[in-house]
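Beneath this line is the structure, given in structure tokens, with notes to follow.
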Amino acid sequence: MRKHEDQPKEFSEILSSPKITIITAVYNAEKYLDSCISSILNQTYKNFEYIIIDGGSTDSTLSIIKKYQNQLTHWVSEPDKGIYDAWNKGLAKASGDWIAFVGADDQLYPDALYSYVQHIVHHPNQNMLDFVSSRIELVNMDLSLIEVVGETWEWERFRHQMITWHVGTFHSKQLFIKYGFFDTEYKISGDYELLLRAKNQLVTSFIDKITAKMRVGGVSSVNLFKASSETYRAKIKNDAISLVKGNLLMVFDKLRLFIRIYI
């Protein structure tokens with residue numbers, strides 16, 4: 001636990017506040033990692049632990065991590081099977097009541113953790129909450145704004161489309177106890193697949209506030225096609241859609257992407 005003697009007076013409202021675990025999976029992210037780490041360590045809310053899982057970077061990523069290692073709860077650098085394998089490694093080390101996943105090229109606003117905690121501890125169903133989401137800014141690589149996204153979780157919409165963004169979400173540790181860790185067979189849509197497991201039993205809440213910036217520039221066409229395939233596989237696997245309908249819609253979606261990218 002990291003302590004801070006100069007917390008604002010309003011922190012007296014939440015003296016028995018939950019512990020947060022923040023996990024960052026990283027691989028060759030020397031360009032943006034320092035600003036990501038700084039945005040987390042400079043949070044106004046201090047009852048958190050920070051875990052970094054590196055996939056065996058070959059650039060200066062390790063030097064950046066080592067610069068902050070005394071402020072990290074745990075870090076490791078070793079080959080992995082992708083982001084969800086790295087997140088699972090982080091979860092295995094996590095001791096927080098709530099878990100957040102922040103990308104190596106993303107940034108949290110300084111009061112992001114406090115906003116979540118304040119919302120959770122004042123929620124009438126706080127002991128039942130599985131998942132809390134917020135709004136985030138999608139930005140280009142230079143942090144220029146593209147759009148603001150994130151909306152209230154509703155099963156009938158979520159079963160058709162991912163309407164939450166991982167950097168703008170908090171996951172209760174109970175969620176992973178009930179539904180398991182991430183499926184490492186997925187490389188892009190594993191966070192969506194995990195949440196689909198709960199179906200309409202997922203207990204959620206929404207914070208109508210921007211908590212983070214997420215870089216989305218440079219998404220390749222290959223990843224767009226892979227994301228489409230994985231998304232429909234996840235829906236079929238968790239009975240959010242039938243096998244026949246899912247495969248049919250997958251074909252239509254790939255055709256839509258092809259037209260958008262190449263025509």
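The values are calculated or read from the model by the stated rules, or taken from the named source; none is laboratory data. If you're wondering where the values come from, they're calculated on a predicted model, not measured in any experiment. Cβ placement follows ideal geometry from the backbone for every residue including glycine, while neighbour counts extend to all protein chains displayed.
Quick look at the numbers
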quantity: Residues satisfying the stated conditions in the range 4-26, i.e. of a type in the set (Lys, Arg) and modelled with pLDDT of 95 or more; calculated: LYS19
quantity: Hits in the range 28-64 - residues which are closer than 23 Å to HIS171 by Cα and among the hydroxyl-bearing types (Ser, Thr, Tyr); calculated: SER38, SER39, THR44, TYR45, TYR50
quantity: Top-ranked residue of the range 139-166 - restricted to ones that are β-branched (Val, Ile, Thr) and in contact with a Leu (Cβ under 8 Å, 6 or more places away or on another chain), ranked as farthest from VAL216 (Cα to Cα); calculated: THR164
quantity: In the range 211-224, the residues that are at pLDDT 85 or above and either not assigned by TED's automatic domain parsing to the domain that holds TRP165 or not small (Gly, Ala, Ser) (or both); calculated: THR211, LYS213, MET214, ARG215, VAL216
quantity: Pairs with Cβ under 6 Å, 6+ apart, first in the range 27-43 and surrounded by 15 or more Cβ atoms within 10 Å (Cβ to Cβ) and modelled with pLDDT of 95 or more, second part of a loop (DSSP other than H, G, I, E, B) and polar (S, T, N, Q); calculated: TYR27/SER57; ASN28/SER57; GLU30/SER60
quantity: Qualifying positions in the range 121-147 - free of Cβ contacts under 8 Å to residues at least 60 places away in the same chain and assigned to a strand (DSSP E or B); calculated: LEU145, GLU147
quantity: Condition met for GLN201 (loosely packed, with under 15 Cβ neighbours inside 10 Å, of a type outside the set (Gly, Ala, Ser) and over 27 Å from HIS122 (Cα atoms)); calculated: no
quantity: Residue tally, condition surrounded by 19 or more Cβ atoms within 10 Å (Cβ to Cβ) and not hydroxyl-bearing (Ser, Thr, Tyr), over the range 205-226; calculated: 5
quantity: Positions within the range 89-104 being closer than 17 Å to LEU41 by Cβ and not β-branched (Val, Ile, Thr), in sequence order; calculated: GLY90, GLY96, ALA100, PHE101, GLY103, ALA104
quantity: Residue satisfying all of: in the range 65-106; crowded, with 21+ Cβ neighbours inside 10 Å and aromatic (Phe, Trp, Tyr); farthest from ALA25 (Cα to Cα) among these; calculated: TRP98
quantity: Qualifying residue in the range 68-89 (condition: among the aliphatic types (A, V, I, L, M), more than 21 Å from LEU195 (Cα to Cα) and in the same structural domain as ILE22 (by TED's automatic domain parsing)); calculated: yes
quantity: Test: LEU113 is aliphatic (A, V, I, L, M) and closer than 17 Å to ILE23 by Cα; calculated: yes
quantity: GLN126 vs. criteria under 26 Å from SER35 (Cα atoms) and among the polar types (S, T, N, Q); calculated: no
